[in-house]
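No value in this document is a laboratory result; all are computed from the given coordinates. Because the structure is predicted, anything quoted here is derived from the model rather than measured. Note: ideal-geometry Cβ built from the backbone for every residue, glycine included; neighbour counts use all protein chains shown.
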Amino acid sequence: KAGVTQTPRYLIKTRGQQVTLSCSPISGHRSVSWYQQTPGQGLQFLFEYFSETQRNKGNFPGRFSGRQFSNSRSEMNVSTLELGDSALYLCASSLAAQGAGNTIYFGEGSWLTVV
Amino acid sequence: DQQVKQNSPSLSVQEGRISILNCDYTNSMFDYFLWYKKYPAEGPTFLISISSIKDKNEDGRFTVFLNKSAKHLSLHIVPSQPGDSAVYFCAARIEKLTFGTGTRLTIIP
């Protein structure tokens, strides 16, 4: 069974630009969550989508947004990029919503560098 | 406000010995705890979990202990192997998973 797939794996953007990252969950999984990993900060929760609805949102500015499609695939968008947005962005999927007790499974991540 | 803390950024252990990774949390409402392992350039992979109604869960070489009164979680790996060298994250759940900052474990051959 295919795992969580994230594209692109690596990208470089300029300050002020915007970026869209894509995530395909494990087949049958309906919940997709996004995390940001930076050195020393661990994994910071961005948001979770379940059945095309945002269930939870972390403490990130409105420049960070996401959506989920009817096939459970998800995208996250960051507008007006700042240098501090350089990070590994991880997508995770689970059968049901995170609060329902399911283990979440991560993709390999998208490395974003803002210059 | 860091609700889940891993106070040791790194740990080195001799091969064959026991590795003990620690995690502290502040919110007594967390009902489920997990450990993930992460190699460079890969996403975190699930290792083991424990419900708040238990105090121990074992899976092969991995055992997780939960001390609710101390709000403390630990992961024991025995015996430690070179392939265990990675960054380990603990996570705790209420409505969503909150992760610690990670501990880099290095197994010395």
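Quick look at the numbers
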read-out	value
B:Pro40 vs. criteria surrounded by 20 or more Cβ atoms within 10 Å (Cβ to Cβ), over 14 Å from B:His76 (Cα atoms) and free of Cβ contacts under 8 Å to residues at least 60 places away in the same chain	no
Criterion violated by A:Leu90 - all others in (1) surrounded by fewer than 15 Cβ atoms within 10 Å (Cβ to Cβ); (2) assigned to a strand (DSSP E or B) satisfied	(1)
Tabulated pairs, region A:54-79, first over 24 Å from A:Ala96 (Cβ atoms), second among the charged types (D, E, K, R), C-beta under 7 angstrom, 6+ apart or interchain	A:Val78/A:Arg63; A:Val78/A:Asp85; A:Ser79/A:Arg63
Qualifying residue in region A:80-89 (condition: touching a residue at least 60 places away in the same chain (Cβ under 8 Å), in contact with a Lys or Arg (Cβ under 6 Å, 6 or more places away or on another chain) and over 12 Å from A:Phe47 (Cα atoms))	yes
B:Pro79 vs. criteria over 15 Å from the mean Cα position of the chain (by Cα) and surrounded by 14 or more Cβ atoms within 10 Å (Cβ to Cβ)	yes
Residue check for A:Gly42: closer than 24 Å to A:Arg15 by Cβ and either free of Cβ contacts under 8 Å to residues at least 40 places away in the same chain or within 12 Å of the chain's Cα centre (by Cα) (or both)	no
Residues (crowded, with 16+ Cβ neighbours inside 10 Å, β-branched (Val, Ile, Thr) and closer than 24 Å to A:Gln17 by Cα) located in region A:95-115	A:Val114
Flag for B:Ser49 being in contact with a strand residue (DSSP E or B) (Cβ under 7 Å, 6 or more places away or on another chain), among the small types (Gly, Ala, Ser) and more than 14 Å from chain A (Cβ to nearest Cβ)	no
Pick from region A:94-115, criterion at the interface with another protein chain (Cβ under 8 Å from one of its Cβ atoms) and assigned to a strand (DSSP E or B), ranking: farthest from the chain's Cα centre (by Cα)	A:Tyr105
Evaluation of B:Thr101 against (1) without any contact (Cβ under 8 Å) to a residue 12 or more places away in the chain; (2) in contact with a Gly (Cβ under 6 Å, 6 or more places away or on another chain) (one fails), failing number	(1)
Residue list for region A:24-45, filter: within 11 Å of another protein chain (Cβ to nearest Cβ) and part of a loop (DSSP other than H, G, I, E, B)	A:Pro39, A:Gly40, A:Gln41
Residue within region A:10-23 that is within 12 Å of chain B (Cβ to nearest Cβ), assigned to a loop (DSSP other than H, G, I, E, B) and in contact with a Gly (Cβ under 9 Å, 6 or more places away or on another chain) present	no
